[in-house]
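Structure first, then comments.
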Ligand SMILES: [Zn+2]
């Protein structure tokens, strides 16, 4: 398998087809993907001229994962932070495997932080986004993921997907946001402020997004996210759209879902918007 010119998606899809063939005999379980095993095997299996020979845990503060080669670039080592949850470790290992398969000729070391694992856009130019896209498609192949989404969207569905694929709840929701044509926004917050937010394409086009990289954005007071008496709202409650989006029509409701993660001291919020909702400010024709 020559991986140099393939896109992140097609590289992951090729590996998925091989894993499917291996699991057809039911000896190997198809999900969650055994990324470690795959990473150690694929250099040899696909005759790539180099190999990942070591995968090691490292407990270093603020470190997520890295991949680096020896001087002759025929041996690579993958390090990951073993204090993270098992889902985040699996995603990190898949992200680093993505760098190996897609970018090993461009650089001899890759050091990846928290933000690099949450950047699923602009996959054409940004190698971090490409590694994320590879990891997403390797761990959660789209055809299998779509088969899981048979019922109404709620947090139980995303918990099911997180369990099936061995990924974090956030990665499981991001996968859905990546392909759905529903207007929806994921927000991660703590202490009353957004840490990070991500919109589906349809929501983004409707102006329903938050620029958390360049702004400090408080959580709206009347939202469920701000309500300290409610820890979980897994099915979603109807709330007025203009609580979150000030320019939305007054009589419109959106669905707000919420989970509080004790372990990470953060709130995961998912907003599902009705189709006609527009969040852009009114145009000024003066
Ligand atoms: Zn990276």
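Derivation of every value follows stated rules applied to the coordinates shown; laboratory data play no part. These numbers come from a predicted model, not from an experiment. For neighbour counting, all protein chains shown are included, and Cβ atoms are generated from backbone atoms with ideal geometry for every residue, glycine included.
Taking the chain as the reference, fit the longest principal axis to its C-alpha atoms, fit the long axis of helix 86-103 to the helix C-alpha atoms, and give the angle between the two in degrees, 0 to 90, nearest 10. Value to nearest ten degrees: 60.
With the Cα gyration tensor of the stretch 180-286 in hand, give its eigenvalues times 5 under a square root as the equivalent ellipsoid semi-axes, listed largest first in whole angstrom.
Values: eigenvalues 104, 46, 34 Å².
Each semi-axis is the square root of five times an eigenvalue, giving 23, 15, 13 Å.
Sorted fewest first by neighbouring Cβ atoms within 10 angstrom, 6, 277 come out as 6, 277. Counting only Cα atoms, the chain measures 62, 41, 40 Å along its principal axes, largest extent leading. Expressed per residue, the C-alpha convex hull volume of the stretch 97-159 stands at 107 Å³. In the chain, the calculated helix contribution to ellipticity at 222 nm averages -10000 deg cm²/dmol per residue, counting -39,500 (n - 2.57) for every DSSP H run with n ≥ 4. Listed by Cβ neighbour count within 10 Å, with the fewest neighbours leading, 186, 273 appear as 186, 273. Length gained on full extension, residue 58 to residue 260, computed as 0.36 nm times the residue gap minus the Cα-Cα distance: 69.9 nm.
Dividing the convex hull volume of the alpha-carbon atoms in the stretch 8-143 by its residue count gives 108 Å³ per residue. Remark: relative contact order (the stretch 8-143) = 26 percent; criterion is Cα-Cα distance under 8 angstrom and separation of 6 or more residues.
Could you tell me what percent of the DSSP beta bridges with both partners in the stretch 8-143 are antiparallel, to the nearest 5? Can you show the working numbers first?
Values: 9 of 15 bridges.
Antiparallel bridges make up about 60 percent of those DSSP assigns within the stretch 8-143.
Angle check, please: helix 169-179 long axis (alpha carbons) against the longest principal axis of the chain (alpha carbons), in degrees 0 to 90, nearest 10. So the helix axis and the longest Cα principal axis differ by about 80 degrees. Between the helical axis of 35-45 and the longest alpha-carbon principal axis of the chain there is an angle of about 40 degrees. Of the residues 90, 104, 152, the one with the fewest other Cβ atoms within 10 Å heads the list, and the complete ranking is 152, 104, 90.
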